[in-house]
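K.L.:
Right, I'll just put the structure down here and ask away after.
The values are calculated or read from the model by the stated rules, or taken from the named source; none is laboratory data. Please read these numbers as outputs of a predicted model, since none were measured by experiment. No Cβ is skipped: glycine too gets one built from the backbone with ideal geometry, and neighbour counts run over all protein chains shown.
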Amino acid sequence: MSPLEKLITSASNPIVKRVRSLSSRKNRQQQQVSVVFGIQPVTQAIDAGMSIEQIVYCPEQIRRTAVLDMIEVQRDNGVPVVRLTPELFTRIADRDGPAGLAAIVGTRYLALDELETTSDTTLVVLSRVANPGNLGTIFRSADATGAAGIVLLGNTADPFDPQAIKASMGAVFNVPAIRVADLDEFADWARDRGITIATTSAKAEETLWSAPLPSPLAILMGNEGEGLSDTELARGSIQLSIPMVGMAESLNLAIATSVLLYEVWRRRESA
């Protein structure tokens, strides 16, 4: 802890007000930054080379010397660091409780043409996904299975929502996010690169266990409640269902996407 370090005690401080304002998607998009809460997500952002604009922390809530050392390194690198009282940090922390560490981090989307693809590329394409927690979990699974990126169609949720970042455990900083206007734009781009689009439906005759999963592949998934529209389903040259033996009619979106990603990865590894 630097003796010159600023201690903030008031919720009316401009830095605190900015942190709180970044709960708004509009503010995040206008400023092209997000607020990241938690030791692991902040560490992931730093390790991924993201632009760290500000670190806010509460030493009384951090019990790991290595984390305090990391903050010191960031300060030495020129990142502004401010300290909050425990009471104030608890007030601005996300709903899961204070972690003692937050950062304002620069964010950006890749353009489709910036995305590098190979013969083994796997992409996830999400249409109208609304829940940031689901989105973050999908990023986490995509990172774990080596997916090349996640394409977000239309008004799909913001991957830089603090809830999405936390659910991803910082994986949103490792897996490229590509914002695309609509499925037509993505389908044209995928066709030009020989990328097969696969869709899922409970009505599909072929199951995940038997369906071909060629490379490169894009897995198209829909909204949590409605799934994919008939028009979107028709875009899949491969249509498959996930086998289930219980009474549930479907899986949670993030779980279903994770199952698909792991099966694709398993086949790539065993080929």
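K.L.:
Scanning for something over 28 Å from residue 139 (Cβ atoms) and either surrounded by 19 or more Cβ atoms within 10 Å (Cβ to Cβ) or assigned by the TED database to the domain that holds residue 133 (or both), does the range 88-107 turn up at least one residue?
P.N.:
yes
K.L.:
Among 263, 232, which is at negative phi, touching a residue at least 60 places away in the same chain (Cβ under 8 Å) and over 20 Å from the mean Cα position of the chain (by Cα)? Give the derivation first.
P.N.:
Working: 263 fails: touching a residue at least 60 places away in the same chain (Cβ under 8 Å).
232 is the lone residue from the list that is at negative phi, touching a residue at least 60 places away in the same chain (Cβ under 8 Å) and over 20 Å from the mean Cα position of the chain (by Cα).
K.L.:
Oh, and also: Search the range 114-131 for residues that are at positive phi and pair each with any residue that is surrounded by fewer than 17 Cβ atoms within 10 Å (Cβ to Cβ) and modelled with pLDDT under 95 when their beta-carbon atoms are under 7 Å apart and the residues are at least 6 apart or on different chains.
P.N.:
Once the first residue is at positive phi and sits in the range 114-131, its partners that are surrounded by fewer than 17 Cβ atoms within 10 Å (Cβ to Cβ) and modelled with pLDDT under 95 give 128/154; 128/155.
K.L.:
Taking residue 82 and the conditions (1) of a type outside the set (Lys, Arg); (2) more than 21 Å from residue 64 (Cα to Cα); (3) surrounded by fewer than 17 Cβ atoms within 10 Å (Cβ to Cβ); (4) modelled with pLDDT of 95 or more, which numbered condition does it fall short on, given that it satisfies the others?
P.N.:
(2)
K.L.:
Hey, another quick one. What pairs come up if the first residue lies in the range 25-54 and is more than 12 Å from residue 101 (Cβ to Cβ) and assigned by the TED database to the domain that holds residue 82, the second is among the hydroxyl-bearing types (Ser, Thr, Tyr) and outside any strand (DSSP E or B), and their beta carbons are under 8 Å apart, counting only those six or more places apart or on different chains?
P.N.:
From the range 25-54, the pairs are 27/21; 28/107; 32/107; 33/107; 34/107; 50/107.
K.L.:
I'd like to check which strands (runs of 3 or more DSSP E) are fully inside the range 140-245 and have at least 1 residues that are outside the structural domain of residue 124 (by the TED database). Walk me through it before giving the result.
P.N.:
Working: elements: 149-153, 177-180, 196-200, 217-221, 238-241.
Where strands (runs of 3 or more DSSP E) fall fully within the range 140-245, none carries at least 1 residues being outside the structural domain of residue 124 (by the TED database).
K.L.:
Can you pull out the residues in the range 246-271 that are closer than 20 Å to residue 130 by Cα and polar (S, T, N, Q)?
P.N.:
Matches in the range 246-271: 250, 252, 257, 258.
K.L.:
Further, regarding this structure: Determine if the range 163-179 includes at least one residue that is farther than 30 Å from residue 39 by Cα, within 23 Å of the chain's Cα centre (by Cα) and surrounded by 13 or more Cβ atoms within 10 Å (Cβ to Cβ). Break it down stepwise before answering.
P.N.:
Residues of the range 163-179 farther than 30 Å from residue 39 by Cα: none.
No, the range 163-179 contains no residue that is farther than 30 Å from residue 39 by Cα, within 23 Å of the chain's Cα centre (by Cα) and surrounded by 13 or more Cβ atoms within 10 Å (Cβ to Cβ).
K.L.:
Related question: Given (1) crowded, with 20+ Cβ neighbours inside 10 Å; (2) of a type in the set (Lys, Arg); (3) over 10 Å from the mean Cα position of the chain (by Cα), where does residue 203 come up short, assuming only one miss?
P.N.:
It is condition (1) that residue 203 fails.
K.L.:
Would you pick out the residues in the range 90-128 that are in a loop (DSSP other than H, G, I, E, B), within 17 Å of the chain's Cα centre (by Cα), closer than 26 Å to residue 43 by Cβ and of a type in the set (A, V, I, L, M)?
P.N.:
115
K.L.:
Ok, one more. Looking at (1) out of contact with any helix residue (DSSP H, G or I) (no Cβ under 9 Å at 6 or more places or on another chain); (2) closer than 12 Å to residue 104 by Cβ, which is the one condition that is false for residue 80?
P.N.:
(1)
K.L.:
Can I ask one more? Looking at the range 183-194, I want the residues that are over 18 Å from residue 221 (Cα atoms) and have a partner that is not in a helix (DSSP H, G or I) with Cβ atoms under 8 Å, at least 6 apart or on another chain. Which pairs are those?
P.N.:
193/117; 193/216; 194/216
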